[in-house]
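J.: Have a look at the structure that comes next, please.
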Amino acid sequence: MKTHLSLATQNLNESVAFYSTLLNSKPAKHYDDYALFLTESPGLELALTLNPRARISSDAHYGLAVDTPDLVDSAIERLKGAGIAVDIETEETCCYAKQNKVWATDPDGRRWETYYVIAETDEGESEDMSCCRDTGNETTCCSA
């Protein structure tokens with residue numbers, strides 16, 4: 001089973017570059033107005049469609065749960081190596097779990113986290129609310 005996501009983008013080539021880095025994969029299809037990523041880890045079909053008027057909601061984020069902490073480290077290196085700005089969290093409590101994660105934002109403003117759960121907890125957020133982000137209009141948290 002795979003999850004299918006279809007995301008509109010204002011700049012297809014920039015988005016293909018971002019998602020190639022994030023997913024560590026090249027698109028299976030890439031046309032002037034469409035690209036399709038097919039990945040096994042994670043099990044994902046990600047379609048990108050060109051839409052110069054695409055509007056992105058600031059109240060959502062996306063995530064890739066990984067099986068080992070070194071996969072978060074690998075994602076950090078890939079993203080940084082591609083010149084993508086990242087936010088790194090180490091052993092932070094968020095969403096009732098202690099996690100290591102890296103955040104990156106796609107060219108259209110969608111926030112993506114790649115994370116590893118170290119341990120489940122009974123706490124929702126760290127006291128410093130490190131998993132919360134100011135999106136300009138409001139503050140959103142991963143458990144929102």
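J.: In vacuo Debye scattering of the range 1-52, one point per C-alpha: log10 I(q)/I(0) at q = 0.16, 0.24, 0.27 Å⁻¹?
T.: So the normalised log intensities work out to -0.38, -0.84, -1.04.
J.: Nearest 10 degrees, 0 to 90: what angle lies between the long axis of helix 12-23 and the longest principal axis of the chain (Cα atoms)?
T.: Approximately 40 degrees, to the nearest ten.
J.: While we're here: Please identify every one of the trypsin sites (Lys or Arg not before Pro) in the range 1-65 that sits in a loop by DSSP and has no more than 13 other beta carbons within 10 Å of its own beta carbon.
T.: Lys2, Arg53, Arg55
J.: Here is a follow-up. Determine the shape class of the range 61-131: with a ≥ b ≥ c the square roots of the Cα gyration tensor eigenvalues, call it rounded for a/c under 1.5, and otherwise prolate if a/b is greater than b/c, oblate otherwise.
T.: prolate
J.: Normalising by the residue count of the chain, find the relative contact order in percent from Cα pairs under 8 Å and 6+ residues apart.
T.: 21 percent
J.: Now for a different question. Which whole-number percent of Cα pairs in the chain have a distance greater than 17 Å?
T.: Result for the distance tail: 62 percent.
J.: In deg cm²/dmol, rounded to 500, what helix-only [θ] at 222 nm does the chain give when every DSSP H run of at least 4 residues adds -39500 (n - 2.57) and the total is split over its residues?
T.: -5500 deg cm²/dmol
J.: How large is ³J(HN,Hα) for each residue in the range 40-56, as worked out from phi by the Karplus curve 6.51 cos²θ - 1.76 cosθ + 1.60 (θ = phi - 60°), to whole Hz, x for Gly and Pro?
T.: Ordered by residue, 3J(HN,Hα) equals 8, 9, x, x, 9, 10, 10, 9, 10, 10, 6, 8, x, 9, 4, 10, 10 Hz.
Laboratory data are not the source of any read-out in this text; all were calculated from the coordinates shown. Please read all numbers here as calculations on a predicted model, not as lab measurements. Cβ: placed from backbone, ideal geometry, glycine included. Neighbour counts: every protein chain shown.
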